[in-house]
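The values are calculated or read from the model by the stated rules, or taken from the named source; none is laboratory data. A quick note: this is a predicted structure, and the numbers were derived from the prediction, not measured. Please note: Cβ atoms are built from the backbone with ideal geometry, for glycine as well, and neighbour counts cover all protein chains shown. Calculation scope for accessible area: heavy atoms of the full protein, side chains included, ligands and nucleic acids excluded. Shrake-Rupley method; radii C 1.70, N 1.55, O 1.52, S 1.80 Å.
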Amino acid sequence: MFVVGGGLAWACWRFAWSYWLLAAPAALFLALIIVHAAARRARDRARRAVDYYARGLARIDEKWRGHGDPGDRFADPHHLYAADLDLFGAGSVYELLCHAGTVAGRETLAAWLKAPADVAAVRGRQAAARDLAERLDLREDLALRADDVGTELQPERLRAWVAAPAALRRGWRRALALATSTLSGAALIGWAVGLGPRPLVVMIVVVLVVNRLTKTAVAKVVGPIEARARNLDALAHVLARVERERFTAPRLEEQRAALGAGGRPASAQIERLGRLVALLDSGRNQLVAIFAGLVLWDLHCAYALEAWRLGAGAHIGRWLEGLGEIEALALLGAYAYEHPDDQFPELTEVAPRFAAEGLGHPLLPAATCVRNDVALDAQPRVLIVSGSNMSGKSTLLRSVGVATVLGLTGAPVRARRLTLSPLGVGATLRIQDSLGEGVSRFYAEIVRLREIVERAKGAPPLLFLIDEMLGGTNSHDRRIGAEAVIVSLAERGAIGLVTTHDLALADITASLGARAANVHFEDQLDGGRIAFDYTMRP
C-alpha cells in the first residue's frame, strides 16, 4: 500500500490528478498498520504461550533447573531454615514452584515459604489450589498477561506513591493553571493568524514561571508512575480476567470480591490510571512537545493523576495484594496439576505431629528418589539418625523440612500420605562461617542452636532439624552439649531429627526414654565401591 500510495502521488503530481485520490490508499495504509499491530501482538502472545507450556513440560520432565527465577533476592542467611532447606537459589524449591509474572505473585510465594500458616489458612489455600489446578485456561491467561505486567510495577513503590500526602493544591491554583493554558493556546492561535508575537512571548514567560514553581510537585506525582502505561494496561487485563471468573474455593471468591473495593472494578480503575499515564506520555512526543509545554500538559496530567491517587489509589495496595495471592495460588495449582502423585497433607490441630508414608524430596529425580516413612509426635519426639557420609541422613532431614514447609504453604508434598500439624521450623543443615562477620562455623552453630531453643518456647510447636550437632568440638563436650540441647527441646514440646557420626550420641535416648528413638542408614561394599540404599532402619 505504501508503494501504491507513492506511485499514485507521483501520478497526481505528473498528470495533475486530484490529490484526493491519495485518501483511499492512505486510509488503507493506516488500517493495515492497526491490523498489523494486532497481528504482532497475537504472534507475541502465541510465542509466550509456547514458552509457558515448554517450561511446564520441562518441570514435568525434571529439566527445569537453571531455567527459572531462582529467587536469590529472597534468600536470608539468618533465616531459621530457608538456606538449610534450599528454598531459594539455583535449583531451589522456589525455582521449581515459581513462574509468576508479577512482583506481587513472587513476593507472596516467597513470604509463604518463609512463614508457615495456621490450619485455617492452609486449608483455604489447599482448596484454592485444587480449584485452580484444573483451570488450565485461566492459569495460562494469568501467566501470559502477568508477563506483560513485568517487574516494573513495584508494589511497595505504588503503595508509597498512593500513601504520600497531596503534592498539588487545588482551588485558585488549579484555576490559575487552566487560565494560563487557555491564554497560551489563544496567544499561539493569534500568532498563527497574524496578530503578532507579543502575547505569545508574554505567555511563554508566564508558562516558564509556572513550570518552575510546580516542577517539584509535578515530579512527586508523576515520577513513580510515568512511562508505565503499557504495564498498567496489562495489569488491568489481568484483573479483568480474574473478575470474570467464578470460583468454587471460598478463598478465591473472597479475593475476587475484594477487587471490587472502591465501588468500581479494580480493572476499570487501573485502566483509567493507564489512560492518564498514556496521556502524560503523549505530551513527550517530539511532534507535540512544544505545544504540550505551552498549555502546561504535564501539570494538568499531574492534577488528574493526583485526583486518581487520592480517590481510587487507596485501594491499589489491596488489589495488588489480592492479585499476588491469586497468582501464588495458581502456582500451587500448577504444581499440583504437574505432580499428580504428590498429595496434599491432612491437617490436624493435635500438635505436634508429623507422620509421613513414602516421604521423598521434591528436588530429587522421581525415578531414583528413595522414600521413607517418618513419624514424630509425643512418642517419639526425637529421632537420632546415625550413618556414614552420603548415606542419606541430611537428605532425610531436608525431606522432612521441605514437606513441612510446602504442606504449611498449601502445596502438595512428595509423599503417599502426610498428617501434619502447625509447626515452626528450625534447622542447622547449612551453617557456614563468615569472614566478614568474624564468625566461625562452630560459633555460628551455637548462635543458631540458641535461636532454635528460644523459638521452641513459643507457638506453634517447633520442628528442629539438626545436622551433626556440635561437630566443631571434642566427643566428650559434644555428648554433654548435645544432650542438654535435645532434652531442652523435647521438654519444650518440640519434635525433630538429629544426625550424627558419633555413636556416643545414640545413648541420649536413655535420657529421654520413649520420647526418643535411634534410627540409622547403612552402606555396603560392593565390588570395591561403597553402595547406599538410602533406607532408614531402626
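Taken over the stretch 233-261, the residue count meeting the criterion of being outside any helix (DSSP H, G or I), at pLDDT 90 or above and touching a Gly at 6+ places or on another chain (Cβ under 7 Å) is 0. Residues that are modelled with pLDDT under 95, open to solvent by 50 Å² or more (accessible area, probe 1.4 Å) and out of contact with any strand residue (DSSP E or B) (no Cβ under 7 Å at 6 or more places or on another chain): does the stretch 139-149 have at least one? Yes, because at least one residue in the stretch 139-149 is modelled with pLDDT under 95, open to solvent by 50 Å² or more (accessible area, probe 1.4 Å) and out of contact with any strand residue (DSSP E or B) (no Cβ under 7 Å at 6 or more places or on another chain).
Please indicate, with yes or no, whether at least one residue in the stretch 428-445 is under 27 Å from Asp341 (Cα atoms) and at pLDDT 90 or above. There is no residue in the stretch 428-445 that is under 27 Å from Asp341 (Cα atoms) and at pLDDT 90 or above. Filtering the stretch 76-95 to residues that are open to solvent by 60 Å² or more (accessible area, probe 1.4 Å) and at pLDDT 90 or above leaves only Ala90. In the stretch 172-212, of all residues being of a type in the set (Gly, Ala, Ser) and closer than 11 Å to Leu296 by Cα, the one that is surrounded by the most Cβ atoms within 10 Å (Cβ to Cβ) corresponds to Ser184. If the condition is being free of Cβ contacts under 8 Å to residues at least 60 places away in the same chain, assigned to a loop (DSSP other than H, G, I, E, B) and in contact with a strand residue (DSSP E or B) (Cβ under 9 Å, 6 or more places away or on another chain), then the stretch 334-374 contributes Gly360, Arg371. Being closer than 17 Å to Val425 by Cβ, free of Cβ contacts under 8 Å to residues at least 40 places away in the same chain and not polar (S, T, N, Q) is a description that applies to Val485. If you go through the stretch 42-59 and keep only what is surrounded by 14 or more Cβ atoms within 10 Å (Cβ to Cβ) and not charged (D, E, K, R), you end up with Ala49, Tyr52, Gly56, Ala58.
Considering the conditions (1) open to solvent by less than 70 Å² (accessible area, probe 1.4 Å); (2) without any contact (Cβ under 8 Å) to a residue 24 or more places away in the chain, Gly263 is excluded by exactly one of them, (1). State whether the residues of the stretch 211-224 include one that is outside any helix (DSSP H, G or I), in contact with a helix residue (DSSP H, G or I) (Cβ under 6 Å, 6 or more places away or on another chain) and closer than 28 Å to Leu158 by Cβ. Yes: the stretch 211-224 contains one or more residues that are outside any helix (DSSP H, G or I), in contact with a helix residue (DSSP H, G or I) (Cβ under 6 Å, 6 or more places away or on another chain) and closer than 28 Å to Leu158 by Cβ. Every listed requirement among (1) free of Cβ contacts under 8 Å to residues at least 60 places away in the same chain; (2) over 22 Å from Asp148 (Cβ atoms); (3) of a type in the set (Lys, Arg) is met by Arg55 save one, (2).
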